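Let me begin by presenting the structure, written as structure tokens, before commenting on it.
The values are calculated or read from the model by the stated rules, or taken from the named source; none is laboratory data. All of these numbers come straight from a predicted model, not from anything done at the bench. As a convention, Cβ positions derive from the backbone with ideal geometry for all residues, glycine included, and neighbour counts pool all protein chains shown.
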Amino acid sequence: MPVFDFSNTPDKKNNSECTYTIVRSNETATSPDRPILLLDNSKRKWKHHSCGVFTNPIKRTTFEFKEEDGTVSADILQIDARFVSLLRWLGENHINVRLSGQNRQDGYAVYKIREIAFGGGTKLSAEDGFLQFMIDRLLASSAPVEEEEEEDKEEAGDDMKLTSLQSITDFMMCAGRTLPDNIRLWARRNLAVARSNEVSPEERRHAQRALSIMMNIQWKNNYFEAIDPKEARRILDEELYGMERVKQRIIETIIQINRTHTLPAYGLLLIGPAGTGKSQIAYAVARILKLPWTTLDMSSINDPEQLTGSSRIYANAKPGIIMEAFSMAGESNLVFIINELDKASSGKGNGNPADVLLTLLDNLGFTDNYMECMVPTVGVYPIATANDKEQISAPLMSRFAVIDIPDYTPEEKKIIFSRYALPKVLDRMRMRENECIMTEEALDAVVKKYADTTGIRDLEQAAEHIAANALYQIEVNHVSEVIFDAEMVENLLT
């Protein structure tokens, strides 16, 4: 829900010279109707695209347009609260920018600010897309409650990269308020270490690497927009056949999110035989939530350190799998798909990796040994899969809403094969449906062949085999169609 506050909020540091009011908005995109700022156009109308520099808003709160007849100043009348620090930074460093705006009755509405790469700005990190990166990050954030005191300016540093100390310093100055409080304090400490000559090069390298990981993650709040239950049901029907009880449970979760605008306190634990579509259900939920997803395969994790990362005291130290998942997703709100939870080993004398998950599942925050910082996990939605719930500890079980997934009946397998598995393979092979025809007896033969196996993976492989054989006969024997009967299927799948 957008929030607008048009109350006069003068700059606290220089009331006598401040010209602008602060507008608090949570809009994620800008337009002439929802601009970043308004400039005075009462004496002169400005071009759609105008170049110039901001003067330090603390001192003069103006923008200096570079026009044909010279430099002309215009007062800043209004600023989106999220961009005040960014405009200060642009002004303090005299960075040349191009504005895109529209003249309105109340002022020149600026909705885009782009760097001019050859502008001669003293901060290299104003180039190569850094400014656009900053604006995108600020638009994705919520309006600050109130304007904070300006942070101390760091000295100039190395060449521009989003991983460089200079770009991290600039990010902290322009958008530090988009970070959770504990991460902002952590970043300041690590930035001091990365710039210090009193620590070893190895310590500086680790600090800079940790900063780069943390700064490139969008730390979002736990507010979730409403989800259309009808669209959620469509996705579930598209991905899954039957499973009405499972679909009902997922729709109930969606309704709960719509009421509270937060994720449920419990994730989902899907328990059932192999091949029954547990992972497919998890991917469908991530798609419905419109969240990135990551997988943790507990059967391949035998040391808790794989999850928690290693301490920086080691030369080859690195973050754990959980922190790397946040980094790859680029945001803190994501679906963790924890596969084969029942196969989590007890490790090699270093503890149980499954127990490490408890802090992640409690949504109280997760601490990575390498990062040395507690990261918020309120936007994490865990979905675990398992074959045998008897092998899962009671503390872990208590963190999930358990859904038992039974195996498919022979009739359900027949429908899944004919309506979903085979058409999907034919479409991928660029084949028409009438080129590969299955009689009822052939369908019964396929299901009978795999009557003693659980799930539908064998059916999917059978569909692949049958379609490939049909394509072979069409190309080699030059027939227009292949009709499979029970005998052909039995011979082919033997």
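Data table
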| item | result |
| --- | --- |
| Residue satisfying all of: in the stretch 107-118; more than 29 Å from the chain's Cα centre (by Cα) and crowded, with 17+ Cβ neighbours inside 10 Å; modelled with the lowest pLDDT among these | Ile116 |
| Condition check for Leu422: over 30 Å from Ala187 (Cβ atoms), of a type in the set (A, V, I, L, M, F, W, C) and not assigned by TED's automatic domain parsing to the domain that holds Tyr283 | yes |
| Verdict on Gly242 being more than 21 Å from Thr367 (Cα to Cα), touching an Asp or Glu at 6+ places or on another chain (Cβ under 7 Å) and either not hydroxyl-bearing (Ser, Thr, Tyr) or not assigned by TED's automatic domain parsing to the domain that holds Thr294 (or both) | yes |
| Filter result (under 14 Å from Pro410 (Cβ atoms) and in a helix (DSSP H, G or I)) within the stretch 442-452 | Leu443, Asp444, Ala445, Val446, Val447, Lys448, Lys449 |
| Residue in the stretch 47-75 that is modelled with the lowest pLDDT, counting only those that are polar (S, T, N, Q) and in a strand (DSSP E or B) | Thr62 |
| Members of the stretch 357-387 that are closer than 12 Å to Ala265 by Cα and among the acidic types (Asp, Glu) | Asp362 |
| Scope the stretch 435-466; condition among the small types (Gly, Ala, Ser) and either at positive phi or surrounded by 15 or more Cβ atoms within 10 Å (Cβ to Cβ) (or both); matching residues | Ala442, Ala445, Gly455, Ala462, Ala463 |
| Lone unmet requirement of (1) of a type outside the set (A, V, I, L, M, F, W, C); (2) part of a loop (DSSP other than H, G, I, E, B); (3) assigned by TED's automatic domain parsing to the domain that holds Val335 for Gly455 | (3) |
| Some residue of the stretch 230-242 being modelled with pLDDT under 90, closer than 21 Å to Ile338 by Cβ and touching a strand residue (DSSP E or B) at 6+ places or on another chain (Cβ under 8 Å) | no |
| Residue list for the stretch 280-310, restricted to those being in contact with a Phe, Trp or Tyr (Cβ under 9 Å, 6 or more places away or on another chain), of a type in the set (Val, Ile, Thr) and assigned to a helix (DSSP H, G or I) | Val285, Thr308 |
| Number of the condition not met by Arg204 [criteria: (1) assigned to a helix (DSSP H, G or I); (2) at pLDDT below 80] | (2) |
| Members of the stretch 248-278 that are closer than 14 Å to Pro382 by Cβ and either of a type in the set (A, V, I, L, M) or not in a strand (DSSP E or B) (or both) | Thr253, Leu263, Pro264, Ala265, Tyr266, Leu268, Leu269, Leu270, Lys278 |
| The listed residue being free of Cβ contacts under 8 Å to residues at least 40 places away in the same chain and surrounded by 15 or more Cβ atoms within 10 Å (Cβ to Cβ), out of Arg184, Arg259 | Arg184 |
| Leading residue by the ranking (modelled with the lowest pLDDT) among those in the stretch 80-106 that are in a strand (DSSP E or B) and surrounded by 22 or more Cβ atoms within 10 Å (Cβ to Cβ) | Val97 |
| Residue that is nearest to Tyr241 (Cα to Cα), among those in the stretch 458-491 that are without any contact (Cβ under 8 Å) to a residue 12 or more places away in the chain and not in a helix (DSSP H, G or I) | Val479 |
| Residue tally, condition of a type in the set (A, V, I, L, M) and in a strand (DSSP E or B), over the stretch 398-430 | 3 |
| Val425 vs. criteria closer than 30 Å to Leu361 by Cα, under 37 Å from the mean Cα position of the chain (by Cα), aliphatic (A, V, I, L, M) and modelled with pLDDT of 90 or more | no |
| Residue count for the stretch 474-489, restricted to those that are loosely packed, with under 15 Cβ neighbours inside 10 Å and over 14 Å from Arg432 (Cα atoms) | 5 |
| From Leu289, Leu361, residue being touching a strand residue (DSSP E or B) at 6+ places or on another chain (Cβ under 6 Å), surrounded by 15 or more Cβ atoms within 10 Å (Cβ to Cβ) and within 30 Å of Arg233 (Cα to Cα) | Leu361 |
| Given (1) over 23 Å from Leu131 (Cα atoms); (2) in a helix (DSSP H, G or I), index of the condition Ile183 fails | (1) |
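Rundown of residues vs (1) under 26 Å from Leu291 (Cβ atoms); (2) hydrophobic (A, V, I, L, M, F, W, C); (3) part of a helix (DSSP H, G or I), yes/no style:
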residue	(1), (2), (3)
Ile337	yes, yes, no
Leu358	yes, yes, yes
Val378	yes, yes, no
Pro382	yes, no, no
Leu396	yes, yes, yes
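Each row is one residue, and each column tells you yes or no for (1) under 30 Å from Ser327 (Cβ atoms); (2) in the same structural domain as Ala421 (by TED's automatic domain parsing); (3) touching an Asp or Glu at 6+ places or on another chain (Cβ under 7 Å); (4) polar (S, T, N, Q).
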residue: Ala192; (1), (2), (3), (4): yes, no, no, no
residue: Arg195; (1), (2), (3), (4): yes, no, no, no
residue: Pro201; (1), (2), (3), (4): yes, no, no, no
residue: Ile217; (1), (2), (3), (4): yes, no, yes, no
residue: Lys220; (1), (2), (3), (4): yes, no, yes, no
residue: Glu238; (1), (2), (3), (4): no, no, no, no
residue: Gln248; (1), (2), (3), (4): no, no, no, yes
residue: Ile255; (1), (2), (3), (4): no, no, no, no
residue: Arg259; (1), (2), (3), (4): no, no, no, no
